[in-house]
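Accompanying notes for the structure given below.
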Amino acid sequence: MLKLFLANLKMMVRGRQALFWALMFPLMFTIIFGFFFGSGSGSVGTVVLINNSNTELAQGLDKALSESDVLKVRKGVNEQDARDLLKKNQIGAIIEVPENFGAPIPSAPKNIKVIEDPANSQVNSVVSGFINQFFIQTDYQINHIQPSFSIDVEKTNNRTLNYFDFVLMGLIGLALMNSSVQGIAITMANYREDKILKRITTTPLAPWKFVAAEVLSRLMLNVLQIGLILLIGYYGFNAHIYGNLGLLLIFSLIGGLLFQCIGFMIAAFAKTTDAAQGMSVAVTIPMMFLAGVFFPIDQLPKWLLTIVQYLPLAPLLRMVRTIGLEAGNPFSNPLNIEIVIGWIVVTLVISIWKFRLSDE
Amino acid sequence: MEKVIDVSNLVKKYGNFTAVNGISFEVEKGEVFGLLGENGAGKTTTLEMIEGLRKPSSGEISVLGFDINSHLREIKERIGVQLQSSAYYHFLTLKEILDLFSGFYKKHSDPKELLKMVHLESKANNFVDKMSGGQQQRFSIIASLINDPEIVFLDEPTTGLDPLARRQTWDIISEIKKQGKTIILTTHYMEEAEILCDRVAIMEKGKIVAMDKTHQLIEHTKHPYRVEFILEKDKPEIISQLQKSCRLDECDIKKLPGKEAHYEMKLKTQTDLNEAVGLLQKENPESLTVGRATLEDVFIELTGKAIAQEEAEEENA
């Protein structure tokens with residue numbers, strides 16, 4: 001069996017195309033998301049500030065905007081150019097402070113102008129919120145008033161986390177799912193078409209040893225995938241990972257096992273390699289979007305959420321995120337591990353029942 | 001002689017279709033036994049049941065004295081199987097594949113020696129799909145020898161090969177026989193069976209319609225003599241004269257497709273043969289070949305009969 005395991009590893013490395021999909025595809029995603037959302041950048045977008053006033057108030061606003069983390073500020077652009085940039089979606093909004101704004105003269109303008117793109121609601125709400133907040137505070141200062149009410153924010157954990165960290169854990173799940181479901185389903189269907197499975201059954205090798213060698217070599221690939229994603233995320237884009245890496249790996253590999261079971265199940269039903277490819281894509285693509293790789297699924301309509309939260313990838317991602325991002329206990333919500341084990345049992349039983357190395 | 005394979009009343013059904021219909025035969029140690037038949041006659045199904053790859057619907061199989069149902073593992077340790085058009089791993093070299101497969105058995109042959117036997121030692125580090133069809137087939141045969149088996153199963157070992165590659169494969173098969181191994185092969189090339197097999201069984205629609213030593217099958221055919229000739233131009237009077245000379249029902253004369261006056265005549269007795277040749281020589285034919293019937297003639301006679309019988313049965317029903 002060891003020989004078969006080593007041979008499988010060799011073939012994986014030599015079969016460059018499969019390796020490319022298993023490693024490059026999730027890494028590509030990691031890098032793309034890293035450039036957009038990584039490197040600790042918490043800003044939601046860029047705004048152009050055209051400040052035509054030299055007053056204390058105007059300079060105060062200028063300074064507050066420039067120091068803010070949520071918005072990146074560009075200056076020295078005239079209004080016409082800024083409008084062009086806005087049209088081209090290169091900036092999120094324009095903030096124009098009129099001449100003499102904030103000057104202690106009766107004719108001084110009282111409003112500043114914000115030009116926004118209605119499509120970019122995230123930037124718009126941040127810009128208006130930010131400026132309103134600034135003016136309210138200024139009003140309080142001028143009138144020497146203390147606010148009567150305020151909020152105490154309590155975070156569920158005191159760690160800095162951003163969207164990239166969320167996606168990074170999702171990408172681990174995605175990589176495991178794609179390489180295991182497609183890898184097993186397509187490889188097995190291909191082996192069947194090429195009569196390699198049949199050739200194996202002419203030897204005294206026990207079928208379970210053949211399957212075990214295949215499963216173990218795939219898990220090795222999974223370790224490599226997880227390692228690379230975490231390394232690139234952490235060192236390349238300053239991802240925040242708080243949990244125990246060993247625990248993260250163990251739970252990821254449980255996921256890997258689950259997806260391999262799904263792969264064997266597909267291989268049991270697919271008559272050809274093409275069919276296996278089609279069926280595994282039909283399983284993985286919807287799951288990629290519905291199980292919360294890229295966005296939290298609680299944003300989905302309630303009826304859909306009640307269904308998709310039971311998809312195999314969904315509880316796995318919840319556990320991986322609990323471990324990786326919150327350093328939490330993966331069993332804190334036992335439903336998650338129950339769903340995963342449930343899926344493993346179901347797919348394993350179907351695979352054992354239907355998947356055969358021989359033709360009959 | 002020691003019996004190494006014993007098959008009795010073997011049946012394989014797929015729903016309503018009967019692929020193998022109650023066949024029985026024995027194979028003796030050290031012989032080359034051929035299963036002949038058209039595509040779909042049931043050769044491969046029979047072979048795969050003996051190899052333990054398919055479960056018989058009924059009947060018994062014993063290999064090397066072991067019952068196939070209770071001792072399949074022991075049997076697999078001691079047989080070598082070459083599947084019809086089987087591919088091997090794409091990303092392993094020949095040597096790696098042999099090493100891998102040797103790990104599946106308790107007993108192994110030396111991969112280097114095996115590669116040398118089929119002149120592939122220089123290709124030891126190549127991938128299978130980078131080789132020609134003949135080379136792949138040769139490799140596939142030696143891969144079935146990796147456990148130094150007592151019985152070797154070869155399923156259509158020369159199908160799709162060019163004449164030269166086919167002859168090279170024949171040499172390998174006789175080399176395996178020389179090592180004292182028993183070989184059971186399927187083929188639809190009669191010439192190949194005639195040269196390689198000690199005994200053959202001819203299968204037709206799941207049944208064995210004839211089984212004997214190859215040369216005896218040929219000798220026992222209805223028309224063991226054969227004359228082939230080409231005349232300068234077609235002369236119907238010569239043909240009727242020939243037919244008269246050998247008493248119409250006793251000989252079979254027919255025009256071959258292709259050339260204008262190319263005939264084949266099958267005869268029952270030496271006397272008929274002499275008479276026919278005497279007559280023909282007077283006509284000064286462009287070509288005249290006298291010979292023995294071949295296994296192909298036996299095959300056509302037998303399977304043609306089987307088909308005619310079946311058609312008659314269908315009509316009666």
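The values are calculated or read from the model by the stated rules, or taken from the named source; none is laboratory data. It should be emphasised that the depicted structure is a prediction, and the values quoted were computed from it without experimental measurement. As a convention, Cβ positions derive from the backbone with ideal geometry for all residues, glycine included, and neighbour counts pool all protein chains shown. The accessibility values were calculated without ligands, DNA or RNA, using every heavy atom of the protein model including side chains. Shrake-Rupley method; radii C 1.70, N 1.55, O 1.52, S 1.80 Å.
Taking only the alpha carbons of the protein assembly as shown, we obtain Rg and Dmax values of 39.8, 141 Å in that order. Beyond 31 Å between alpha-carbons counts as too far, so tell me which of A:LYS271/A:LYS302; B:LYS205/B:LYS268; B:LYS130/B:LYS259 fall in that bin. Long pairs (Cα-Cα over 31 Å): A:LYS271/A:LYS302; B:LYS130/B:LYS259.
Helix-only arithmetic for chain B: the sum of -39500 (n - 2.57) across DSSP H runs with n ≥ 4, divided by the residue total, places the mean residue ellipticity at 222 nm at -11000 deg cm²/dmol. So the label point goes 7 Å from the Cα of A:ALA275 along Cα→C-beta, right? Which residues of the stretch A:194-214 then have their backbone N under 20 Å from it? What the label zone holds, given the 20 Å backbone N cut-off, is A:194-199.
Taking only protein heavy atoms and a 1.4 Å probe, the accessible area of the stretch B:3-219 is 47% carbon and sulfur. Bridgeable aspartates and glutamates around A:LYS72 (alpha carbons under 13 Å apart, same-chain partners fewer than 8 residues away excluded): A:ASP62. Based on DSSP H segments of at least four residues, each scored -39500 (n - 2.57), chain A has a per-residue ellipticity at 222 nm of -19500 deg cm²/dmol. Let's test the formula: R0 of 25 Å, r as the Cβ-Cβ distance of A:TYR163 and A:ALA327. What FRET efficiency results, to the nearest 0.05? Step by step, r from the Cβ atoms, then E = 0.85. The long axis of helix A:183-193 is offset from the longest Cα principal axis of chain A by roughly 30 degrees. Between the Cα long axis of helix A:25-37 and the first principal axis of chain A there is an angle of about 10°, rounded to the nearest 10. Prolate is the label for the stretch A:315-360. Its Cα gyration tensor axes, ordered a ≥ b ≥ c, give a/c of at least 1.5 and a/b above b/c. Surface analysis of chain A yields an accessible area of 52 Å² per residue, using protein heavy atoms and a 1.4 Å probe.
In order along the stretch A:335-344, the Karplus-derived 3J(HN,Hα) couplings, from 6.51 cos²θ - 1.76 cosθ + 1.60 at θ = phi - 60°, round to 4, 4, 5, 5, 5, 4, 5, x, 4, 4 Hz, and Gly and Pro are given as x.
Pairs exceeding a 28 Å alpha-carbon distance, out of A:LYS3/B:LYS3; A:LYS10/B:LYS112; B:LYS76/B:LYS112; B:LYS29/B:LYS106: A:LYS3/B:LYS3.
Sequence-distant contacts, meaning Cα pairs under 8 Å at least 6 residues apart, place the relative contact order of chain B at 19 percent.
For trypsin sites (Lys or Arg not before Pro), the sites in the stretch A:259-360 that DSSP calls loop and that have at most 10 other Cβ atoms within 10 Å are A:LYS271. On the basis of the beta-carbon distance and an R0 of 22 Å, A:ILE151 and A:SER121 show a calculated FRET efficiency of 0.45.
Between the stretch A:71-105 and the stretch B:283-302, the alpha-carbon centres lie 101 Å apart. Across the options A:SER150, A:ASN132, A:SER121, the greatest Cα extent toward the positive end of the charge dipole of the stretch A:100-174 (unit charges at beta carbon of Lys, Arg, Asp, Glu) belongs to A:ASN132. Computed over chain A, the quotient of the alpha carbon radius of gyration and 2.2 N^0.38 Å is 1.33.
Write out the trypsin sites (Lys or Arg not before Pro) in the stretch A:76-124 meeting two conditions: DSSP loop, and at most 12 other Cβ atoms within 10 Å of their Cβ.
A:LYS88, A:LYS110
Entry comment: accessible area of the stretch B:3-219 is 41 Å² per residue, from protein heavy atoms only and a probe of 1.4 Å.
Restricting the calculation to Cα atoms, the stretch B:3-219 yields a radius of gyration followed by a Dmax of 16.9, 50 Å.
Ranked from largest, the principal axis spans of the Cα set of the stretch B:8-97 equal 42, 29, 25 Å. Here A:VAL346 and A:GLN17 are evaluated by their C-beta separation; at R0 = 41 Å the FRET efficiency comes out at 0.85.
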